[in-house]
Ligand code: SF4
Ligand code: SF4
Ligand code: SF4
């Protein structure tokens, strides 16, 4: 069954469950409707976000399992941790051939969802001392995690993590991602704790 078809079925099932439980589960649904509890990714557990989890393939279950089209999960750059690297391993495919400027010739993101903007004046004679801002376009990003898993030691700092975006999430009773997550990294928390 294709991902799209599965999503459509799951989406219908979610809506059906919501309607079917409007009786006995009404109090819980009202609580959800008011945003009292939300699902979030625990970065300390997620394969893609967790520091120390290196040398493995990115887990794409947040993309393929979410009932929302394109997923409710996005990569987020926590700028306070970002090294503004000249050659960012989350932006470039660092195994690709080097171009005329001495940079990897290919980007990593399959959806071209990361923008690289120079900070200040670029000195072509001193590339190691040029710094860049990496901005994730959340319209394009589907939370595949490829960038997050590359922004780790030894080259990255763990600045990019996956997060559930609450404006996209429909707050399923049982998050479909949590059912499949190999690290039990999807947690439902009171909104005050989740957004701290
Ligand atoms: S399913 Fe779990 S381990 Fe995989 S990307 Fe999502 S939170 Fe991370
Ligand atoms: S999570 Fe995937 S789609 Fe989103 S910016 Fe990173 S590599 Fe691109
Ligand atoms: S609660 Fe539902 S919509 Fe939200 S992230 Fe999980 S599966 Fe996606």
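At a glance:
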quantity: Shape category assigned to the range 117-157 from the gyration tensor of Cα positions, a/c cut at 1.5; calculated: oblate
quantity: Difference of contour (0.36 nm per residue) and Cα-Cα distance, residue 103 to residue 184; calculated: 25.4 nm
quantity: Spin-label pair residue 193/residue 96, simplified geometry with 7 Å Cα→Cβ offset, distance in nm; calculated: 4.2 nm
quantity: P(r) weight above 22 Å for the range 38-116, C-alpha pairs, percent; calculated: 35 percent
quantity: FRET efficiency estimate (nearest 0.05) - Cβ-Cβ, residue 69 to residue 117, R0 45 angstrom; calculated: 0.95
quantity: Ascending count of other beta-carbon atoms within 10 Å, so fewest first, for 98, 73, 191, 41; calculated: 98, 191, 41, 73
quantity: Spin-label pair residue 166/residue 126, simplified geometry with 7 Å Cα→Cβ offset, distance in nm; calculated: 4.4 nm
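Throughout, read-outs are computed from the coordinates displayed, never taken from laboratory work. Note that the structure is a prediction, hence the values are computed from the model and not measured. A quick note on method: Cβ atoms are made from the backbone with ideal geometry, for glycine too, and the neighbour counts reach across all protein chains shown.
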